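FYI, it's all coordinate maths here, none of it is from the lab. Since the model is a prediction, treat every value here as computed from it, not as a measurement. Reconstructed Cβ throughout: ideal geometry from the backbone, glycine too, with neighbour counts over all protein chains shown.
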Amino acid sequence: MNSKLEDNNTTISYFKEEVERFVKERRWTKFHNPKDLIQAIGIEVSELSEIFLFKDISLDTIHNNKDLFENISDEIADVFIYLVSLLNRLNVDLTSIFIRKMKKNEEKYTIEEFDGTYRKL
Ligand SMILES: [Mg+2]
């Protein structure tokens with residue numbers, strides 16, 4: 001993989017193609033069905049959550065502890081990789097569903113009603 005790729009110069013298609021290549025090369029497509037991918041996402045979210053279990057970890061702690069930051073980053077990447085594989089399996093265009101759902105969120109959580117609060121004013 002090209003190590004110079006970063007968020008500001010990488011497309012979603014790149015992630016989709018990389019995950020698809022990785023899965024196909026190992027002949028894992030048979031394992032990457034929607035149910036198992038959704039469960040894998042949940043498991044990886046749990047692994048991320050476990051890092052924080054029974055601890056009070058501040059943002060400063062995360063940024064000042066290289067190993068902790070790497071562990072958190074690895075679990076975030078695991079969640080993302082399985083999510084990308086789910087997009088591939090369902091043939092979903094992430095940009096389209098993101099725009100549609102953000103529009104719904106804008107309408108559901110209007111600034112007038114939810115300014116500074118999660119509860120309707
Ligand atoms: Mg993991």
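Rounded, prolate or oblate: which fits region 49-115, taking a ≥ b ≥ c as square roots of the Cα gyration tensor eigenvalues, rounded meaning a/c under 1.5, else prolate when a/b beats b/c? Could the numbers behind the result be given before it?
On the way: a/c = 3.22, a/b = 1.37, b/c = 2.35.
Because a/c hits 1.5 or more and a/b fails to exceed b/c, region 49-115 counts as oblate.
Here GLU107 and PHE80 are evaluated by their C-beta separation; at R0 = 35 Å the FRET efficiency comes out at 0.80.
Using 0.36 nm per residue of separation minus the Cα-Cα distance, give me the extension gain between LEU53 and LEU68 in nm, one decimal. Full-extension gain reported as 4.1 nm. Counted by Cβ distance under 15 Å from PHE22, the other residues give a net charge of +2, where Lys and Arg count +1 and Asp and Glu count -1. Taking every DSSP helix (H) stretch of at least 4 residues in the chain, weighting each as -39,500 (n - 2.57) and dividing the sum by the residue count yields a mean residue ellipticity at 222 nm of -22000 deg cm²/dmol. Arranged from fewest to most other beta-carbon atoms within 10 Å of their beta carbon, VAL92, VAL45 become VAL92, VAL45. Computed from the C-beta positions of LYS30 and LYS4, the FRET efficiency with R₀ = 35 Å rounds to 0.55.
Ordering LEU5, LEU121 from the fewest to the most neighbouring beta carbons within 10 Å gives LEU121, LEU5.
A Förster radius of 30 Å, combined with the Cβ-Cβ distance separating SER46 from ILE12, puts the computed FRET efficiency at roughly 0.75. Net charge of the neighbourhood of ILE38, taken over other residues with C-beta under 13 Å away and scored Lys/Arg +1, Asp/Glu -1, is 0. Determine the shape class of the chain: with a ≥ b ≥ c the square roots of the Cα gyration tensor eigenvalues, call it rounded for a/c under 1.5, and otherwise prolate if a/b is greater than b/c, oblate otherwise. Since a/c reaches 1.5 but b/c is at least a/b, the shape of the chain is classed as oblate.
Partner lysines whose Cα lies under 21 Å from the Cα of LYS16, excluding those fewer than 8 positions away in the same chain, are identified as LYS4, LYS24, LYS30, LYS35, LYS101.
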